[in-house]
Amino acid sequence: MLRRSLREAACASTLALLVLGGVATQAAADEKYPSRPIDMIVTFGPGGGADLMGRKFAQLAEPILGVPLPVANVSGASGNAGLTRLLTDSSDGHSAATLIALSVSAWAAGIGNHNPDEFAYVGMMQSSPSMLFVRKDSPFKSYKDLAEFAKANPGKLRCATSGYGTMDDITLKYLATKGVKIVNVPFGKPAERYASAVGGHTDMIYEEPGDVAQFLKSGDLRPLIVFDEKSHESFPDIETSKENGLEINDLPNFRTIAVSSKTPADRVAVLNEAANKILASPEWKEFCEGTYTCTKPLSPEETKETVAKFYQTVKSYLERFPTTAEEKSASKKK
Amino acid sequence: MTSSKRLIRTAFPLSMLLACAFLWTHIASNPAMLNVPNAVGPGGWPKAMLAGLAFFSLLAFLVELNNWRISARDGNDTTQNGEKANNGSAVMAIAGVGVILIYGFAIPYLGFALATFLFIVTWCLMGQIRSPITISLVSIIGTIVLLYMFVALAKMPLNRGVEPFNQWTISLYRVLRIY
Amino acid sequence: MDLLSLFLTGLHGALQPHNFLILITGLMMGTIAGALPGISFVNAMAMALPFTYVMEPVTAMCFLGGIYAGGVFGGSISSILINIPGTPASLPACWDGYPMTVKGLSTRALRIAITASATGGLLSAILLAVGSPPFAAFALRFDQPEFFAATILGLASVVAIAKDMPVLSALSMFIGLVIGCVGIDPHHGLSRFTFGIPQIESGINFTVVMIGLFAIGEVVDLLAKNVNLKSSFAPKPGKQITWRELWQYKGSMLRGSGLGCMVGMIPGAGATVGAVLAYGVERQASGRGAEFGTGVEQALAAPEAAKNATTGAAMIPLLTLGIPGSAATAIMLAAMLIHGINPGPLLFRMDPSLVYTIFVSMIIANFLMIIAAVVVARGFSTLMKVPPAILGAFIIVLSVVGAYGVRNNIFDVYVCLIFGVLGFIMKRANFPTAPLVLGVILGPLAERYFLTSLANYEDNFWIFVERPISGTILALAAAFVLWSLYPAISSRFKRTSEINAQTTQSN
């Protein structure tokens, strides 16, 4: 009895499978690209800069490419969980991911075993230098005020950062070599980092302007210095690090869209063309101005060059500032 | 309290204790990385937690040993308290756990759609449902509804499976107008 | 914005057709799941989680809030009608509700239970709406040491509240705390406990652990027992109860509600503890203590009010501090984090319309609950005919989808399944699983707050007691632990009681 019903059930199920699958044989491998939705992997959780960028890109790319780009947040390990996912997905151009400076600097610090050669780059979408921000009622009016105070009171000032061994940490360590000793106070969660600076629990915050845009617009935070060679378009009055005689102008926060390096070059070119159209669109202009991240379009090769150069820069900085045993062994291992 | 339950209760803290000893030396693949001068460092918190776990595992183990002693002395299990163990079939439970594990690990190979369909069929059979009509209806409609809900609507990138199954899933999605 | 306009915004949000319909759907789902033995409201919420990924954050919270309110009540339906508690929190409803059914008074018992639950839930929702904004404003002054202290208070009370089995609860919690350390550490970027497996670097997400422990273990149990849910006899509806008669139980209901509100705010306590405590208190207060267990109506009203009164109160620490105190609120936290919303004092400033919509929805939910309860109670016997296997199959699939959807990562599904097996074993041995989940949630928070506090205050370990607010909170935590240890120490090596072991499970 039992066996009979088992068999019946099995028959019925197999039949059902065939019905479902039978019609499906129509799908032969077609040459048109893109022929189905392109999975857009955002390598960080919802609400952050990479998420905004990935979603905006997906939204604007849909009419250009003619297929939807469903966005999936695959967060974890400084974006490396998502990048691993990208590389394990089929490399036919139907998967793309956000690849941002934070992930690249994490590789240099020994997190995630990726390197710039594993990816092909659709294009450079956003880029912005980092800045130091203070609370609106801070006594410091310029970087010089800050530096003088820090030199007179080493270790009294505290800066909210995203952790040790990051671009934030490198910058503070570099400043320390110039006699400006500031304590690094890491906050694991961005929201807590912003709250600490806005609430006055720390004296300053190292961040790119787009991430604290709402506090800049409300006036809770104001910029002191931009770590770049030239002044920022949106903040023309703010001094650059170069003007202050500092040589730490090469750690921009960039965001790219990447695919696997095994993706056929003509498909990368299709995506790059779409990216360039997006960058030129008024919607994107409005978006990048709001987040202070406008950048000029780059070809896949140029983007790759930028990423590879950044990777080497961070590595050499980390070798230069190995203050903890952990970072020493990390930099030795590489 | 049944003896199998008591056995778990004794063995569980003991295995946790062993796990603590093992984990203590394996916090990071390179222990040198844990040393950060003049700070708690990345190893401090996990060590404190492991110490806490070890302490309470030991305590739980001792309490349980004491319970064994008491029940041995009293000759009967006073903790039973009229509570009848109704744990059902152990074979069924283990089979159930096995099927669930196989389902989870099959998803990346067969793809979510196929694996889910097969899982629902299996589970219904295990649950004494014998009507082929019920089984086919529940599994097919269930799978399709799930696909519409989570692939079409929620746009979740659920696994499509390795190659022959990947094409199959893509075709299925096309038939269902998801792609 | 002044208070009135905030409430109007909330009302507007809650009455949006999609939010309102979702709230009703949630209530129905919760009540049904609660009424089904073996599926508690926590399981139902864990199952519902993947659906919330599609929704707007407000809608998601309405959905989960509805399931929560309905599910906490739903368990009483099966308690009263077939003497099997649908959820552990409905255990007291078996003690005096089922005897009423035996006497042929099932409708009367259900009416009392529904009225009491709705009263408790409503008062609790009002407390949530009135009490949390000022508390959030106060919590704006919190810096990292205060948050650390609040997290420690949460962890301490998880153990303190489990008076029957503090050692096992602590053991379970520390397993969770160790699991919370897995992955890249928050400050130095060092991989911990990864054993060279790259996927573990992302850490073990608490949602995944929770789904595994709460959903999968239960389903396997359901399969193994293959329980026959059909009731042995058809309960007679019996005579109705009038509003006048209900009014005379206002004392019991208010006592229960007050107790439930207090218990609900304590992390780690939850509906079961509230209901059992209220039963005990009512036994003292009603003056009919000796008759309890024979179908005393006060004995049904008080715990019913208490268990639903925990629902709103439990959301206060979640919304104001971002610290969930129970499995149910942890699922709500997961749903908010998925949408990039960080609950905490700043949320009241940044997104007041979301917060007030949640308030108003919870208030509305407790009115609508009456309708949902009546409908489900009517259809209860039909409901019991659904084969548990079909239900179980979909719970598993939804668990898998839910675990996958947290980070769209198949590795999380494996982790979830492994925790499902662990949860099954722990359930069989009567090990409490809720402390483990809270350990996984609160552990990483505590570590972050601890390390950042030290970095911000010159590595001064005394900072946590020196600052007045954090010092007070820590003293409270210490008092809690001492209070709970007192009986355990005084009667040490007299067997730890097993009797109430089950009641502390999974709530």
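All of the numbers you see were taken from the coordinates with simple rules; none came from a lab. All of these numbers come straight from a predicted model, not from anything done at the bench. Cβ: placed from backbone, ideal geometry, glycine included. Neighbour counts: every protein chain shown.
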- Item | Other-chain or far-sequence residues with amide H under 5 Å of A:GLY47's (modelled H) | A:LEU52
- Among C:ALA150, C:LEU81, C:TYR486, whose Cα sits farthest toward the positive end of the charge dipole of chain C (+1 at Cβ of Lys/Arg, -1 at Cβ of Asp/Glu, about the Cα centre)? C:LEU81
- Item | Using alpha-carbon coordinates, inclination of helix A:265-280 to the longest axis of chain A, degrees | 50
- Task: For chain A, give the magnitude of the charge dipole about the Cα centre (Cβ charges: +1 Lys/Arg, -1 Asp/Glu; no others), in debye to the nearest 20.
- Result: 940
- Message: Projecting each Cα onto the charge dipole of the protein assembly as shown (Lys/Arg +1, Asp/Glu -1 at the beta carbon, about the Cα centre), which of A:HIS232, C:ILE39, A:GLN312 comes out farthest on the positive side?
- Response: C:ILE39
- Measure out, as a whole number of angstrom, how far apart the alpha-carbon centroids of the stretch C:9-49 and the stretch B:101-121 sit. 28
- Task: Taking 7 Å along the Cα-to-C-beta vector as the label spot, tell me the C:ASP459-A:ASP250 distance in nanometres, rounded to one decimal.
- Result: 3.3
- Query: Counting other C-beta atoms within 10 Å, which of C:ARG192, A:ARG222 has the fewest, and how do the rest follow?
  - Reply: A:ARG222, C:ARG192
- Task: Over 27 Å between C-alpha atoms is what I'm after, so list which of A:LYS144/A:LYS296; A:LYS217/A:LYS304; A:LYS277/A:LYS304; A:LYS144/A:LYS285; A:LYS181/A:LYS315; B:LYS155/C:LYS225 land there.
- Result: A:LYS144/A:LYS296; A:LYS217/A:LYS304; A:LYS144/A:LYS285; B:LYS155/C:LYS225
- Given labels modelled 7 Å from the Cα in the Cβ direction, how far is it in nm from A:LYS189 to C:GLN284? 3.8
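When N counts the residues of the stretch A:101-169, how does its alpha-carbon radius of gyration compare numerically with 2.2 N^0.38 Å, as a ratio? Don't skip to the answer; put the middle values down first.
On the way: Rg = 17.1 Å, N = 69, 2.2 N^0.38 = 11.0 Å.
Against the compact-globule rule of thumb, the ratio is 1.56.
With +1 on the Cβ of every Lys and Arg and -1 on the Cβ of every Asp and Glu, and nothing else charged, how large is the dipole of the protein assembly as shown about its Cα centre, in debye rounded to the nearest 20?
Working: 77 positive and 67 negative charges, 633 e Å.
Magnitude of the dipole: close to 3040 debye.
Can you give the charge dipole size of the stretch A:132-229 about its Cα centre, rounded to the nearest 20 debye, using +1 on the beta carbon of Lys and Arg and -1 on the beta carbon of Asp and Glu? Spell out each step's value before the answer.
On the way: 14 positive and 13 negative charges, 72 e Å.
For this selection, approximately 340 debye.
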- Report, in degrees rounded to the nearest 10, the 0 to 90 angle that the Cα long axis of helix A:300-320 makes with the longest principal axis of chain A. 50
- Task: Mind giving me the FRET efficiency for A:LYS136 and C:ILE469? R0 is 22 Å, r the Cβ-Cβ distance, nearest 0.05 is fine.
- Result: 0.30
- Query: Considering the Cα trace of the stretch C:335-444, what is its radius of gyration and what is Dmax, both in angstroms?
  - Reply: 18.8, 49
- Message: 5 Å is the cut-off here: which amide hydrogens, built 1.01 Å from N in the peptide plane, fall below it relative to C:ARG192, excluding neighbours closer than 5 in sequence?
- Response: C:GLY183, C:ILE184, C:ASP185
- Determine the relative contact order of the stretch B:90-175: mean sequence separation of Cα pairs under 8 Å and six or more apart, normalised by residue count, in whole percent. 38
- Item | Three principal axis lengths of the stretch A:167-241 [C-alpha, angstrom, descending] | 32, 29, 17
- Query: Tell me, C:TYR68, A:TYR33, C:TYR457 in order of fewest to most beta-carbon neighbours within 10 Å?
  - Reply: A:TYR33, C:TYR457, C:TYR68
- Grab the beta carbon distance between B:ILE94 and C:LEU4, set R0 = 60 Å, and tell me the FRET efficiency rounded to 0.05. 0.50
- Message: With θ taken as phi - 60° and the coefficients 6.51, -1.76 and 1.60, list the Karplus ³J(HN,Hα) couplings across the stretch A:174-181 in order, rounded to whole Hz; mark glycine and proline as x.
- Response: 5, 4, 4, 5, 8, x, 9, 8
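Rounded to the nearest 500, what is the protein assembly as shown's calculated 222 nm mean residue ellipticity when only DSSP H runs of at least 4 contribute -39500 (n - 2.57) each, over all residues? Intermediate values should be presented prior to the final figure.
Values: 41 runs with 630 residues, N = 1020.
Per the formula, -20500 deg cm²/dmol.
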- Tell me which residues come under 5 Å, amide H to amide H, from A:ILE225 once H is placed; ignore anything under 5 positions away on its chain. A:LEU132
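Provide the FRET efficiency to the nearest 0.05 for the A:GLU273-A:ASN115 pair, computing r from the beta carbons and using R0 = 25 Å. Don't jump to the answer; show the numbers that get you there.
On the way: r = 26 Å, r/R0 = 1.06.
With R0 = 25 Å, the Cβ-Cβ based efficiency is 0.40.
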- Note on the structure: Of the convex hull enclosing the alpha-carbon atoms of the stretch B:90-175, the direction-averaged projected area in nm² is 6.0
- Note on the structure: The simple spin-label model distance between C:GLU245 and B:LEU59, using points 7 Å out along Cα→Cβ, in nm, is 4.9
- Item | Calculated over chain C: convex hull of Cα atoms, volume per residue (Å³) | 149
- With the dipole of the protein assembly as shown worked out from charges on the C-beta (+1 for Lys and Arg, -1 for Asp and Glu) around the Cα centre, which of A:PRO70, C:ALA118, C:ILE241 lies farthest toward the positive end? C:ILE241
- Per-residue HN-Hα couplings for the stretch A:158-173 [Karplus 6.51, -1.76, 1.60; θ = phi - 60°; Hz; x = Gly/Pro]: 10, 10, 6, 10, 8, x, 8, x, 9, 4, 4, 5, 4, 4, 5, 5
- Note on the structure: Computed over chain A, the relative contact order (Cα-Cα under 8 Å, seq sep at least six) in percent reads 23
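Which whole-number percent of Cα pairs in chain A have a distance greater than 32 Å? Intermediate values should be presented prior to the final figure.
Working: 20434 of 55611 pairs.
Distances greater than 32 Å cover 37 percent of the Cα pairs.
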- Query: Based on Cα positions only, what radius of gyration and what Dmax would you give for chain B, in angstroms?
  - Reply: 24.9, 70
- Item | Spatial separation of Cα centroids for the stretch C:353-389 and the stretch A:70-116, in angstrom | 42
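At 30 angstrom or more along the helix axis (alpha-carbon based) and mean Kyte-Doolittle of -0.5 or higher, what helices does chain B contain? Whole DSSP H runs only. Present the calculation step by step, with values, prior to reporting the outcome.
On the way: long enough: B:3-24 (32 Å, 0.93); B:41-74 (51 Å, 0.46).
Helices passing the filter in chain B: B:3-24, B:41-74.
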- Query: Could you give the semi-axes, largest first, of the ellipsoid that matches the stretch C:243-342, computed as the square roots of 5 times the alpha carbon gyration tensor eigenvalues and rounded to whole Å?
  - Reply: 32, 12, 10
- Message: Please list, short to long, the whole-number percent of alpha-carbon pairs of the protein assembly as shown in consecutive 10 angstrom bins beginning at zero.
- Response: 2, 11, 19, 24, 21, 14, 7, 2, 0, 0
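Which of C:SER470, B:SER15 comes first, and how do the rest follow, when ranked by fewest Cβ neighbours within 10 Å? Walk me through the numbers before you get to the answer.
On the way: C:SER470 25, B:SER15 13.
The fewest-first ordering by Cβ neighbours comes to B:SER15, C:SER470.
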- Message: Please give the Cα centre distance for the stretch A:259-315 versus the stretch C:300-341, rounded to the nearest Å.
- Response: 44
